[in-house]
1. Residue by residue, what Karplus-based ³J(HN,Hα) values in Hz, rounded to whole numbers, does the stretch 49-60 have, using 6.51, -1.76 and 1.60 with θ = phi - 60° and x for Gly and Pro?
2. Taking the highest mean first, how do the peptides 37-48, 99-110 order by number of other beta carbon atoms within 10 angstrom per residue?
3. Cross-link candidates for Lys68: which lysines have Cα within less than 25 Å, leaving aside residues fewer than 8 places away along the same chain?
4. Under 16 Å Cα to Cα from Lys106, which aspartates and glutamates show up? Leave out anything in the same chain fewer than 8 places away.
5. Quick check for you: with a 1.4 Å probe and neighbouring chains kept, what is the accessible area per residue of the stretch 27-94, in Å²?
Amino acid sequence: SDGIALQLGERVYAAWWNDKNNSKAPYYYPGVVKSFKRSGSTLIYSIRFDDGDQHPGIEESFVIPRKKYLQESLKPILRVGDEVYAAWWEDEASKEGASWHPGVIKGRQEAQYGGRYGPICFYNVLFDDG
């Protein structure tokens, strides 16, 4: 966050370590700034992650504003009206044997929780063949 305090309630992506010693590279997950304090010249954030987990002490270099994180991530954000190729399954119970067809996004719903590489979205697609 470059030394500038993020706002309380601001949506962010923050580091989460899967090992107790924080010795491995962190994963970044979506959450909200609950509080912050200054420790010397460093800001320390308390983050509540979208899945309900909390971390009370994450250094500012491991907290990224949501918009900046999404702009730099690899996952594209698709919008209503975008032309896409989308998967189609003849049998919805089976996720095997999908075929891909051109269409247009007609609706988009963002899940309440997020994913590691951006929001989890569900799309309604109108396929070109109807």
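The values are calculated or read from the model by the stated rules, or taken from the named source; none is laboratory data. It should be emphasised that the depicted structure is a prediction, and the values quoted were computed from it without experimental measurement. All Cβ positions, glycine included, derive from the backbone under ideal geometry; neighbour counts span all protein chains shown. Surface accessibility is based on the protein's heavy atoms, side chains included, excluding ligands, DNA and RNA. Shrake-Rupley method; radii C 1.70, N 1.55, O 1.52, S 1.80 Å.
1. 6, 4, 7, x, 5, 10, 9, x, x, 10, 5, 3
2. The most tightly packed comes first, giving 37-48, 99-110.
3. Cα-Cα hits under 25 Å: Lys24, Lys34, Lys37.
4. Asp82, Glu83, Asp128, Asp129
5. Values: 4560 Å² over 68 residues.
Normalised by residue count, the accessible surface of the stretch 27-94 is 67 Å².
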